[in-house]
Amino acid sequence: MGRGLLLVLSGPSGVGKGTVRKHIFDHYNNDFDYSISMTTRDKREGEVEGQDYYFRSREAFEQLIESGGLLEYAEYVGNYYGTPLEYVNETLEAGRDVFLEIEVQGALKVRNKMPEAIFIFLSPPNLGELENRITGRGTDSSDMIKKRMKKAVDELKLIQYYDYVVENDDVDKAAQKIRHIIESEHLKVSRNLGAYTKIIEEMN
């Protein structure tokens, strides 16, 4: 069994990464594992420890940074977000795919460490819709919304470093497109050459 694929979904804050990821895991018979991110931000209503995020203190998070225990991490509007490294490596080595849903800064760090990963950028239909989604959360102040919108424009400029872009105009359609991307990646000749070379050798 070969090494699994690392699948990275990211995009601007408020674009709906969590909603699309949840839809994929709730509506498809997936053969990949979700790598839960770690964060120092406060838990939002309805979020569950170990299911949505691992919620940690700033001190505990910085200890993991020091020890090299994170695949990537980023500080975003005053809070840390990161991906625990040990789980990702163990799962990939076991031949299973790992699905990451992370911020843009973190995705670019993963690209530097694991360029073989599949990078998918989830984009908003337009910036007006993105602002509506961020405002609609009701969790951010007007100053924070302005910061998030400025950050979103900067992040859209980084789309050139991704392999695919999927517009989140409809959650179900976006989820379907991401599933198709994953299926296509598994069908690439480069990932299947070993198996077919063996078949040819046996026939000869």
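Every read-out reported here was derived from the displayed coordinates using simple, explicitly stated rules and does not represent laboratory data. These numbers come from a predicted model, not from an experiment. Positions of Cβ are generated from backbone atoms using ideal geometry, with glycine treated the same way; all protein chains shown enter the neighbour counts.
Rank by packing, highest mean first: peptides 142-153, 165-176, with packing defined as the count of other Cβ atoms within 10 Å averaged across residues.
Packing order, densest peptide first, comes out as 165-176, 142-153.
Regarding segment 36-131, what are the three Cα extents along the principal axes, ordered largest first, in Å?
Principal-axis extents of segment 36-131 (Cα, largest first): 41, 32, 24 Å.
With the crude spin-label approximation of a point 7 Å out along Cα→Cβ, what separation in nm comes out for K150 versus Y28?
About 3.6 nm, to one decimal.
How would you rank 99-110, 71-82, 190-201, highest first, on the average number of other Cβ atoms within 10 Å across their residues?
With the highest mean Cβ count within 10 Å placed first, the list reads 99-110, 71-82, 190-201.
Determine the relative contact order of the chain: mean sequence separation of Cα pairs under 8 Å and six or more apart, normalised by residue count, in whole percent.
31
In degrees, nearest 10, range 0 to 90: what is the angle between the Cα axis of helix 127-137 and the longest Cα principal axis of the chain?
70
For segment 68-204, divide the Cα radius of gyration by the Kirkwood radius and give the resulting Rg/Rh value with two decimals.
Value, to two decimals: 1.06.
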